[in-house]
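Novice: My questions all concern the structure below.
Values in this text are rule-based calculations from the coordinates and carry no lab data. A quick note: this is a predicted structure, and the numbers were derived from the prediction, not measured. For neighbour counting, all protein chains shown are included, and Cβ atoms are generated from backbone atoms with ideal geometry for every residue, glycine included.
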Amino acid sequence: MFEVSSDRFEEMIGVALTTIPDELASRMENVAIFVEDEAGGRQLFGLYEGIPLTSRSTYSGAMPDRITLYRLTICSVCSSEAEVAEQVRKTLVHEVAHHFGIDDPRLRQLGW
């Protein structure tokens, strides 16, 4: 396990966000990113909660979609800061894909 501070973890998320291609990042809509230490007994690196862009019709007044990254769970499988940063990037991209309506079976087909 290689634990990074909450502040450093949030910096890694900021860097990871810059790796999302502009044509996709500009289409992200009404989504907030949160950090928690763990997923309450579940072994998750990240979680998307919301209404994917592909499923929105009458969406006005909805709460923002939520992407949560779980700091300690990610750190638990890493042995260096570089590994934490890469897992943060992979997890964020995976959860952003859910925001765009891509489900887990399709992500597995794509190698995510």
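Novice: Could you check Thr91 against (1) touching a helix residue (DSSP H, G or I) at 6+ places or on another chain (Cβ under 7 Å); (2) surrounded by fewer than 19 Cβ atoms within 10 Å (Cβ to Cβ) and say which number it fails?
Specialist: (2)
Novice: Those residues that are under 18 Å from Gly101 (Cα atoms) and surrounded by 15 or more Cβ atoms within 10 Å (Cβ to Cβ), I need them from segment 57-71; list them, please.
Specialist: Listed by number, the residues that qualify are Asp65, Arg66, Ile67, Thr68.
Novice: Please work out which one of (1) in contact with a helix residue (DSSP H, G or I) (Cβ under 9 Å, 6 or more places away or on another chain); (2) within 14 Å of His99 (Cβ to Cβ) is the condition Glu3 fails and give its number.
Specialist: (2)
Novice: Considering Thr68, Thr73, which residue is over 9 Å from the mean Cα position of the chain (by Cα) and among the polar types (S, T, N, Q)?
Specialist: Exactly one residue qualifies, and that residue is Thr73.
Novice: Could you list, in sequence order, all residues of segment 99-110 that are in a helix (DSSP H, G or I) and under 14 Å from Ala25 (Cα atoms)?
Specialist: Initially, segment 99-110 is screened for residues in a helix (DSSP H, G or I), giving 99, 104-109.
Scanning segment 99-110 gives a single hit, His99.
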